[in-house]
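Here the structure is laid out as C-alpha cells; the discussion comes afterwards.
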Amino acid sequence: MTIDPDFSDQLSKLCSRECVHARKDPARAAVMIERLVHSLGLTIAVASRGDPGVMNTLCEGASQQLFQSASGMADVSVQGRRQ
C-alpha cells in the first residue's frame, strides 16, 4: 500500500501553516482539530466500508498513534508558552 507523496506533503504543509495561527488562538486550534477529526472519521468510514468492528479497530489504532505523535511533539507546544 502506498500513498501519494504529494498528498502527504500538501497535508503537512497545510497543517504547519495553520498551526502557526492556531498556536496563538485556542478557538482556531479547536476548529482545526474538529476538521481533522472529521476528515479522519470519513477516511475510517470509507476504509472500513461501514463495518463497526473494523471501524473500532481503526479508531483504536488511530487513537494510540495520535497520542504517541502528540506526546512526541509536546515540546513544540511548550516552546510557544509565555513564561
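Every number in this text was worked out from the coordinates using simple rules, so none of it is lab data. Since the model is a prediction, treat every value here as computed from it, not as a measurement. In this analysis, Cβ positions are derived from the backbone assuming ideal geometry, glycine residues included, and neighbour counts consider all displayed protein chains.
Under a model in which nothing but the beta-carbon of Lys, Arg (+1) and Asp, Glu (-1) is charged, the range 15-79 shows a dipole of about 220 debye around its Cα centre. The largest-to-smallest principal axis extents of the Cα set in the chain are 47, 26, 23 Å.
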